[in-house]
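A short worksheet on the structure shown next.
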Amino acid sequence: MSTMMKAMRFVGDLDDDFYKDERQRDVWNEASAVGFQFAYWITLIAAAILPWVAGRTGAWISVGLIIGWFICSMVVLRYAQAHDVDAYTSMKGLPPRVLMAGSVYLIALIGVVAQLVTRPGDGIATWAGAGVGALVGLTAAVLGVKRHQQRAKRREAAEELL
């Protein structure tokens, strides 16, 4: 077992007797996944909001949040990969969650760049706001189209059953 895997087992406390009961382990794993996703989204949303509400200081904090977010994501993917699980095998296209996360991530990056590239005192609201508005509009449009496609598929499947 590699050093990384030993460290991850220690961090996750995976050798605890708690994991011997299969149902308890499954429920705990699901709860941990929900908790991870919740923390993941909160971090991403905070990184998107901070540059806009806290200026340059918020932009630097967002950079730290995004780096931490990225590192945690890579550790999760690397751990799964080390156990021969590919998180992308069942992915078909871009699900709405991925589009939403990508949009929030881009809003964070636009805010960070807008705050850190401009000189203090220069206004960023016009071009950065237009960029964020366009991104939000595009995301809403893509999600709307995907939802419409899913409804059409369900409707066709229901008609075939009749």
Please name all residue pairs, on different chains or six or more residues apart, with Cβ atoms under 6 Å, provided the first residue is in the range 9-29 and is over 20 Å from Val75 (Cβ atoms) and the second residue is part of a helix (DSSP H, G or I).
Arg25/Tyr19
Do we find that Ala157 is modelled with pLDDT of 75 or more, part of a helix (DSSP H, G or I) and of a type outside the set (Ser, Thr, Tyr) in this structure?
yes
Every residue in the range 12-39 that is open to solvent by 70 Å² or more (accessible area, probe 1.4 Å), farther than 17 Å from Ala87 by Cβ and either among the charged types (D, E, K, R) or assigned to a loop (DSSP other than H, G, I, E, B) (or both), please.
Asp13, Asp15, Asp17, Lys20, Asp21, Glu22, Arg23, Arg25, Asp26
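From the list Val76, Val112, pick out the single residue that is in contact (Cβ under 8 Å) with a residue 12 or more places away in the chain and more than 30 Å from Gly133 (Cβ to Cβ).
Numbers: Val112 fails: more than 30 Å from Gly133 (Cβ to Cβ).
Within the list Val76, Val112, the selection yields Val76.
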If Ala59 satisfies all but one of (1) under 17 Å from the mean Cα position of the chain (by Cα); (2) closer than 30 Å to Val113 by Cβ; (3) aliphatic (A, V, I, L, M); (4) open to solvent by less than 80 Å² (accessible area, probe 1.4 Å), what's the number of the condition it fails?
(1)
Of all residues in the range 139-153, which are open to solvent by 80 Å² or more (accessible area, probe 1.4 Å) and in contact with a helix residue (DSSP H, G or I) (Cβ under 8 Å, 6 or more places away or on another chain)?
Arg147
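Evaluate the following for Trp52: is it modelled with pLDDT of 85 or more and out of contact with any Leu (no Cβ under 6 Å at 6 or more places or on another chain)? Give the derivation first.
Details: modelled with pLDDT of 85 or more: yes; out of contact with any Leu (no Cβ under 6 Å at 6 or more places or on another chain): yes.
Yes: the conditions hold for Trp52.
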Answer with yes or no whether Ala46 is in contact with a helix residue (DSSP H, G or I) (Cβ under 9 Å, 6 or more places away or on another chain), in a helix (DSSP H, G or I) and open to solvent by less than 40 Å² (accessible area, probe 1.4 Å).
yes
Looking at the range 95-102, is at least one residue open to solvent by less than 90 Å² (accessible area, probe 1.4 Å) and part of a loop (DSSP other than H, G, I, E, B)?
yes
State the number of residues belonging to the range 64-94 that are open to solvent by 60 Å² or more (accessible area, probe 1.4 Å), within 25 Å of Val113 (Cα to Cα) and of a type in the set (A, V, I, L, M).
3
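The values are calculated or read from the model by the stated rules, or taken from the named source; none is laboratory data. Model, not experiment: these values are computed from the prediction. We place every Cβ from the backbone using ideal geometry, glycine too, and count neighbours over all the protein chains shown. Please note that ligands, DNA and RNA were not included when accessible areas were found on the heavy atoms of the full protein model with its side chains. Shrake-Rupley method; radii C 1.70, N 1.55, O 1.52, S 1.80 Å.
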